[in-house]
Ligand SMILES: Nc1ncnc2c1ncn2[C@@H]1O[C@H](COP(=O)(O)OP(=O)(O)OP(=O)(O)O)[C@@H](O)[C@H]1O
Ligand SMILES: [Mg+2]
């Protein structure tokens, strides 16, 4: 067994040799990290002079189990219920080795090279209360590198609320292993400051009949890459990825998804709704791969963008790689503006122009928020998120 | 006493094309006027310009509601002032439920009129009662606004909006098109329920049938961007028989 330190040393060497990917790397064509990120980070020692107030940046669900990472260090973990266990990743080097076969992947070697905190969360049964994991950086000098591995046992289920806020650089790799019949509902809320760089890689591996439902909402942040890769290992697996991006200013937000259907009889459904204002730049790169033996796969992928400004920019790169013959796959994308007729219709009913715009834009993202219906505390989450969407829109109106 | 709605020598162009060419018409409180006219004569243009749609330029003339010019008023303020247009082609708005829309609209108008907003419970009671009268079931209130509604359902939904907004001056643009006979009666009942001595209505239609149920006081014929004839309700019956042939020639382009 390779030791953890040995693997980390290897990752450091690769990072030193290759650094961040640039636009010549096909996966990073639209998001050139080498141009925007420093080649080295100084890991700060954590010295919090006062309590960090992050309440109003989290998902705000009272009954949630709370794990807080401040500047990359786990500072708070409430009492865990039966069926949830947390252990240190450093004691499980084989897990890292198993999931990082392809250590040439920049997000992986960069994460491992700088890793500050790594944990393993084991879910062995149905957990009723949602679990919130909040990541916050307290200053522009802070860089946090965290790895979390989730393992859901057969039949286990969890609602995970992940949120990101603050400044600096944050890089999270979360790996999810879902055994048969397990279910993970995963909300990712990205609401960072204008200067933050957030690289969030989320890898999911689904066994038979495992269900993964992801809703990602990005409301702000300087540069963000929200990447999700799902691998379907056995029949019956399903993944739903729904993303709403609302970006303004000079934000650059990149949604990259990869659905890798290795097994027959698996389904996936990817929806992205992007709203861009000012000079924001949005990217949707969605790839669906259906392997040769993966018959009867159903995979749909859809990206819609609403441009609120002529200076905003949207790049869409959908890819279907299908090697099986009996499959139903579809993708579609559209880029448009506010519908002026609809706007007039609402205004003719007494609704002021700003409120009417907000209504149309909320309508545009409501399909995504609607996917939270089945989440634990779904109604509270929807209400909180709608308020934040409205705040974003008021700012940009 | 001045008219409720007064349209004076209205000239309107759309995309540099003159559509309305000196249209005058006045509706007093308590009256229902019908406008009939051939396709493309400018009826919807008139309704849009009354409601304040962008791109409809008034090059001459004026529109007064209760003596106040609407020319520089935006669409929302016209609604607050009491104007309502039932669209010939109602818009679909995905992601916004009919109920949310209605509530936002009613409360925006109430706020604008200096009235108290309705709380969620009283609004629900209010809108349910109105919807029931129009035979629109609760399910239609929960669905996204007009999305997947049938043609007739969309029209009934327009009348529901009118019922909850209680406008002083309503313009109905071909609200009868797409309605089956029962729905036509239901819609007419909804419209008639609002008729009173203070309100006025402008009913645009191609067919006498609607006017059997919503009895107009006055009928106008609009052709070539002008009112070419104004008369009693019998005028509509005449048109039913002989068409517009006698009128379309009268306008000098
Ligand atoms: N945006 C536009 N640009 C150019 N011409 C237009 C525009 N909108 C309307 N028109 C023209 O104005 C004329 C009047 O149209 P309008 O829709 O008002 O007719 P209408 O009387 O309502 O007809 P219908 O009975 O078919 O509903 C038509 O010739 C139409 O083509
Ligand atoms: Mg018309």
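Some values worked out for this structure:
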{"item": "Sole residue being surrounded by fewer than 19 Cβ atoms within 10 Å (Cβ to Cβ) and under 23 Å from the mean Cα position of the chain (by Cα), chosen from A:337, A:279, A:292", "result": "A:279"}
{"item": "Region A:310-327 - residue that is touching a residue at least 12 places away in the same chain (Cβ under 8 Å) and over 18 Å from residue A:254 (Cα atoms) and, of those, surrounded by the most Cβ atoms within 10 Å (Cβ to Cβ)", "result": "A:327"}
{"item": "Pick from region B:46-78, criterion within 14 Å of chain A (Cβ to nearest Cβ) and within 16 Å of ligand 2 (Cβ to nearest atom), ranking: farthest from residue B:219 (Cα to Cα)", "result": "B:55"}
{"item": "Candidates B:85, B:91 - the one that is under 20 Å from residue B:159 (Cβ atoms) and in a strand (DSSP E or B)", "result": "B:85"}
{"item": "Which numbered condition residue A:322 fails, given (1) within 14 Å of chain B (Cβ to nearest Cβ); (2) within 27 Å of the chain's Cα centre (by Cα)", "result": "(1)"}
{"item": "Verdict on residue A:332 being exposed (fewer than 15 other Cβ atoms within 10 Å of the Cβ), under 27 Å from the mean Cα position of the chain (by Cα) and either assigned to a loop (DSSP other than H, G, I, E, B) or more than 12 Å from every other protein chain (Cβ to nearest Cβ) (or both)", "result": "yes"}
{"item": "Check on residue A:356, in contact with a helix residue (DSSP H, G or I) (Cβ under 8 Å, 6 or more places away or on another chain), part of a helix (DSSP H, G or I) and more than 7 Å from chain B (Cβ to nearest Cβ)", "result": "yes"}
{"item": "Test result for residue B:117, within 14 Å of chain A (Cβ to nearest Cβ), within 28 Å of residue B:70 (Cβ to Cβ) and out of contact with any helix residue (DSSP H, G or I) (no Cβ under 7 Å at 6 or more places or on another chain)", "result": "no"}
{"item": "Residue that is surrounded by the most Cβ atoms within 10 Å (Cβ to Cβ), among those in region B:17-51 that are near ligand 1 (Cβ under 8 Å from one of its atoms) and over 23 Å from residue B:236 (Cα atoms)", "result": "B:48"}
{"item": "Odd one out for residue B:85, checked against (1) without any contact (Cβ under 8 Å) to a residue 40 or more places away in the chain; (2) more than 11 Å from ligand 1 (Cβ to nearest atom); (3) within 30 Å of residue B:243 (Cβ to Cβ)", "result": "(1)"}
{"item": "Matching residues, region B:169-195, being under 16 Å from the mean Cα position of the chain (by Cα), away from ligand 2 (no atom under 16 Å from the Cβ) and away from chain A (no Cβ under 14 Å)", "result": "B:184, B:187, B:188, B:189, B:190, B:191, B:192, B:193, B:194, B:195"}
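Each value in this text was obtained by applying a stated rule to the coordinates, not by laboratory testing. These numbers come from a predicted model, not from an experiment. Positions of Cβ are backbone-derived with ideal geometry, glycine not excepted, and every protein chain shown enters the neighbour counts.
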